[in-house]
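Just below is one structure, and these are the notes that go with it.
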Amino acid sequence: MEIARAAAGLFMRNGLRATRAEDIARAAGIAPRTFYRYFAAKEESLGPLFAAGAQRWAEAVRDAPAGLPVPEALRHAVVSTLTPGVGVRYESLDWVRSLLRLAEANPALLRVWGEACQTAERTLASVLAARTAGAAGAVTEAGTPGEGPGPVAAEGSVVPGVAAVPDLDAGLRFTAAVASAAVRVAVEAWAAGDATSDGPAGPVALALRNLEALDGFPWSMRTG
């Protein structure tokens with residue numbers, strides 16, 4: 001992560017093309033060979049930053065109150081992770097905007113962003129599987145949805161606190177993809193424009209609007 005932060009700072013100050021892997025290594029206080037031990041190319045050095053940002057929302061869905069239905073858990077996670085000054089620093093959102101703009105102009109960097117989002121999408125699928133399974137168990141055991149215990153930790157979990165689901169079915173994967181796209185597109189759209197991060201065209205407002213447009217979507221859909 002230290003290498004990723006050093007790379008981000010150099011990319012934003014000097015531009016992607018003018019920054020070499022050796023420059024990143026020097027800024028991070030490591031030898032070039034150490035850099036290449038972690039990353040095959042300079043663009044890949046932003047992977048940890050992209051992954052951390054993308055995973056935070058999926059993990060916030062996991063940490064939402066157990067009694068919340070999936071649509072409310074998704075909205076709760078958006079507000080808790082993307083609200084400037086609350087879930088994220090204003091300066092961090094400025095970095096997000098700059099880095100996503102760089103990614104849009106560079107196919108290699110855009111691929112790194114896409115891979116981070118895809119990994120977070122898999123995490124979200126496991127989170128949704130655990131939440132919907134917990135809700136179903138609550139109905140069976142208590143007769144009332146949403147009152148069962150929250151997800152428990154299990155060996156092989158994708159993220160801590162989420163039960164391992166080795167074979168996610170197509171329905172859950174599709175559900176996670178839809179939810180992830182709603183938030184990802186909101187953040188990307190905001191980053192591409194000039195709106196403030198805390199206004200009606202900020203990432204929170206756009207993401208909530210996208211999720212509201214999906215009203216009626218079967219969030220607990222499973223194919224088997």
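The values are calculated or read from the model by the stated rules, or taken from the named source; none is laboratory data. This is a predicted model, so every value here is computed, not measured. FYI the Cβ positions are ideal-geometry reconstructions off the backbone, even for glycines, and counts take in every protein chain you see. Ligands, DNA and RNA are stripped out before the accessible areas are found, and what is left, the full protein with its side chains, is counted by its heavy atoms. Shrake-Rupley method; radii C 1.70, N 1.55, O 1.52, S 1.80 Å.
Find how much the distance from Ser92 to Met1 grows on full extension, using 0.36 nm per residue of separation minus their present alpha carbon separation; answer in nm with one decimal. Write down the numbers at each step before the final one.
On the way: separation 91, 0.36 × 91 = 32.76 nm, distance 1.45 nm.
Roughly 31.3 nm would be gained on extension.
The 3J(HN,Hα) values that the Karplus relation (6.51, -1.76, 1.60; θ = phi - 60°) gives for region 48-54 are, in residue order, x, 5, 4, 5, 4, x, 5 Hz. Gly and Pro appear as x.
Which order do the peptides 92-104, 22-34 come out in when sorted by mean C-beta neighbours inside 10 angstrom, highest first? Can you show the working numbers first?
Numbers: 92-104: 17.9, 22-34: 15.4.
Put in order of decreasing packing, that is 92-104, 22-34.
Take the Cβ-Cβ distance between Ala189 and Arg17 as r, set R0 to 35 Å, and report the resulting FRET efficiency rounded to the nearest 0.05. After rounding to 0.05, the efficiency reads 0.85. Residue ranges 49-59, 66-76, 121-131 sort as 121-131, 49-59, 66-76 when ordered by packing (mean number of other C-beta atoms within 10 Å per residue, highest first).
Probing with 1.4 Å while keeping every protein chain in the model, the per residue accessible area of region 1-140 equals 49 Å².
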